[in-house]
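The values are calculated or read from the model by the stated rules, or taken from the named source; none is laboratory data. Bear in mind that the values here come from a model prediction, so they are computed numbers and not experimental data. No Cβ is skipped: glycine too gets one built from the backbone with ideal geometry, and neighbour counts run over all protein chains shown.
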Ligand SMILES: [Zn+2]
């Protein structure tokens, strides 16, 4: 430790001068938000996955015909993760900013929450910042071409649709493409898809 040098927030992407804490309080709040993203149902599902009562969404997606299903054993890694998310990590939050390993802990929490999300819900959805989330929400009424719409529905809603789905909905009059002057492509809004999809 060189006392002459100013201590900086130990998260590389931040690096703001911080004298009394290892990482800024703001990052503790970020970690807290990550930990709070799970509903009670999702946490119960994570424990059920750990106990082998439910298969992870990843495994369900990868399951092939005829594959043996014998997974009623405790999955220790998943059990650990569930314990961390429900108990250990929330308990560390009040002192996290001054914890000597705060930067490591921050990445552990973010990574752990991401992994849990994949185990529970199985998709590799893009993680949105609050601003991106707000912008994405506004886009729900914007007309966009099929390609862009397909990506948007997956990234933002976790809904997989195909061009064929769009054509089917169109032919059944569940959706009408939107005409914009000077635009040759058929345009649709995410809102229309959500209504047709349900
Ligand atoms: Zn910082």
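Observations
- Pair list, Cβ under 9 Å, 6 or more apart: region 18-45 residue within 15 Å of residue 119 (Cβ to Cβ), other residue more than 13 Å from the ligand (Cβ to nearest atom) and assigned to a loop (DSSP other than H, G, I, E, B): 45/54
- Of the criteria (1) outside any loop (DSSP other than H, G, I, E, B); (2) surrounded by 14 or more Cβ atoms within 10 Å (Cβ to Cβ); (3) near the ligand (Cβ under 10 Å from one of its atoms), which one residue 14 fails: (1)
- Boolean, residue 178 is touching a strand residue (DSSP E or B) at 6+ places or on another chain (Cβ under 8 Å), more than 21 Å from residue 29 (Cβ to Cβ) and either without any contact (Cβ under 8 Å) to a residue 24 or more places away in the chain or surrounded by fewer than 16 Cβ atoms within 10 Å (Cβ to Cβ) (or both): yes
- Screening region 58-168 for helices (runs of 4 or more DSSP H) wholly inside it with 1 or more residues that are within 22 Å of the chain's Cα centre (by Cα), at pLDDT 80 or above and more than 30 Å from residue 178 (Cα to Cα) returns the ranges 76-83, 89-92, 102-121.
- Residue under evaluation residue 49, criteria (1) within 11 Å of the ligand (Cβ to nearest atom); (2) over 18 Å from residue 90 (Cβ atoms); (3) not in a loop (DSSP other than H, G, I, E, B), criterion not met: (1)
- Applying the set (1) surrounded by fewer than 15 Cβ atoms within 10 Å (Cβ to Cβ); (2) in the same structural domain as residue 112 (by TED's automatic domain parsing); (3) within 13 Å of the ligand (Cβ to nearest atom) to residue 40 leaves exactly one unmet item: (3).
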